[in-house]
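The values are calculated or read from the model by the stated rules, or taken from the named source; none is laboratory data. Treat the numbers as computed from the prediction; the structure is a model and nothing was measured. Cβ placement follows ideal geometry from the backbone for every residue including glycine, while neighbour counts extend to all protein chains displayed.
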């Protein structure tokens, strides 16, 4: 993880608890569930934590289609993973693409499984929208679970989260 001080806090999203790890300069992780620190973030991390929570809230309310947070995935990815993660951020809200499509975009058309592995290694779910990548024959996988992936895709089809 980055050398700067970080803080890990929980936010109660409509999908259940999300755990965000932030520092003064970047969002490092966003996980479905997990452990968080008690209390409020330190002043150095508060601005970014609050911005991330605000943007996530707007996303679930249907008022945000992309995120503009500074990111530094922790642990960092390989050059291939980072290329895949950049490509994922280009997938428009409400659209899905295949793992093969992403492999072609990053110049490795035969690397479909490697794209799936890079999606699985994504440490900033939702913000780096790996849920928008599907298999040619179905949903594929998702670190937050297939039900969560289905709910996120449904949210984007409708434009807002509904239970």
Residues (touching a residue at least 12 places away in the same chain (Cβ under 8 Å) and surrounded by fewer than 16 Cβ atoms within 10 Å (Cβ to Cβ)) located in the range 124-138: 135, 136
Options 26, 12, 52: the member that is surrounded by fewer than 16 Cβ atoms within 10 Å (Cβ to Cβ) and outside the structural domain of residue 132 (by TED's automatic domain parsing): 12
Filter result for residue 44 (in contact with a strand residue (DSSP E or B) (Cβ under 6 Å, 6 or more places away or on another chain), at pLDDT below 95 and surrounded by 13 or more Cβ atoms within 10 Å (Cβ to Cβ)): no
Residue within the range 128-139 that is touching a strand residue (DSSP E or B) at 6+ places or on another chain (Cβ under 6 Å) and at positive phi present: no
Sole residue being within 25 Å of residue 7 (Cα to Cα) and within 14 Å of the chain's Cα centre (by Cα), chosen from 88, 153, 126: 126
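Residues checked against (1) touching a strand residue (DSSP E or B) at 6+ places or on another chain (Cβ under 7 Å); (2) at pLDDT below 95; (3) closer than 18 Å to residue 123 by Cβ:
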{"residue": "15", "(1), (2), (3)": "no, yes, yes"}
{"residue": "32", "(1), (2), (3)": "yes, yes, yes"}
{"residue": "36", "(1), (2), (3)": "yes, yes, yes"}
{"residue": "50", "(1), (2), (3)": "no, no, no"}
{"residue": "58", "(1), (2), (3)": "no, no, no"}
{"residue": "62", "(1), (2), (3)": "no, yes, no"}
{"residue": "69", "(1), (2), (3)": "yes, no, yes"}
{"residue": "78", "(1), (2), (3)": "no, no, yes"}
